[in-house]
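These notes concern the structure reproduced below.
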Amino acid sequence: MDTSAWADEIRRPGRPVEWALRSAEPADVEAIAELRATVMRRDLERLGRFDEHRVRQRLRNSFSPQHTSVIVADGAFAGCVTVRPAEDGRWLEHFYLTPALQGRGLGSAVLRTLLERIDAGGVPVRLNVLQGSPARRLYERHGFTVEDQDPIDVHMVRQPGAGALGT
């Protein structure tokens, strides 16, 4: 993945938000682990799976700075996303936005940018989302479909060029 910064504007009440992606650094791991715990807490509690330590440690154990981008909005840490190469395409992982920016179009803009780049390679992209998570609607709007599911996870796939990238 090209990790150069991209800029775009997202409409929020009152003003646009400038955003960019930058390459993650090893020092970002704790901020990302904390964001993961915050963002996933409600869904994990609903599913009876929240563990204060484990939610952070799973991120630390799988953190891959070379495949992770930090989302910066208005000059501040706003989230992260990992696009990991796999034999059969790419895996979209650890896509978290700070709660104050959720539901305002930033996630769609970041996802659209990443999918355009992945589509250029002509490969599918896969992800897992927790059962009942509102993030599933975002992924479905961008062409992801359910590949498999279990009581905890929904496994989704998107073929190159699928979905309405303009959303």
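The values are calculated or read from the model by the stated rules, or taken from the named source; none is laboratory data. The shown structure was predicted, so the numbers you read here are calculated from the model rather than taken from an experiment. So basically every Cβ, Gly included, is an ideal-geometry build from the backbone, and we count neighbours across all protein chains shown.
Quick notes on this one:
- Verdict on Arg58 being surrounded by fewer than 20 Cβ atoms within 10 Å (Cβ to Cβ), out of contact with any Cys (no Cβ under 9 Å at 6 or more places or on another chain), basic (Lys, Arg) and modelled with pLDDT of 95 or more: yes
- Test result for Glu52, touching a residue at least 12 places away in the same chain (Cβ under 8 Å) and within 15 Å of the chain's Cα centre (by Cα): no
- Residue in the range 80-94 that is in a helix (DSSP H, G or I) and in contact with a Leu (Cβ under 7 Å, 6 or more places away or on another chain) present: no
- Here is the figure for the range 30-51: residues that are touching a strand residue (DSSP E or B) at 6+ places or on another chain (Cβ under 9 Å), within 18 Å of Glu93 (Cα to Cα) and of a type outside the set (Asp, Glu) total 8.
- Subset of the range 34-46 that is of a type outside the set (Lys, Arg) and surrounded by fewer than 18 Cβ atoms within 10 Å (Cβ to Cβ) - its residue that is nearest to Thr82 (Cα to Cα): Glu34
- The lone exception for Thr167 - which of (1) over 24 Å from Arg42 (Cα atoms); (2) modelled with pLDDT of 95 or more it fails: (2)
- Filtered by the rule that a residue be in a strand (DSSP E or B), polar (S, T, N, Q) and under 18 Å from the mean Cα position of the chain (by Cα), the range 144-160 gives a lone residue, Thr145.
- Of the residues making up the range 91-115, those that are touching a residue at least 40 places away in the same chain (Cβ under 8 Å) and under 17 Å from Ser62 (Cβ atoms) are His94, Phe95, Tyr96.
- Matching option when the condition is of a type in the set (S, T, N, Q), crowded, with 16+ Cβ neighbours inside 10 Å and outside any strand (DSSP E or B), among Ser69, Ser133: Ser133
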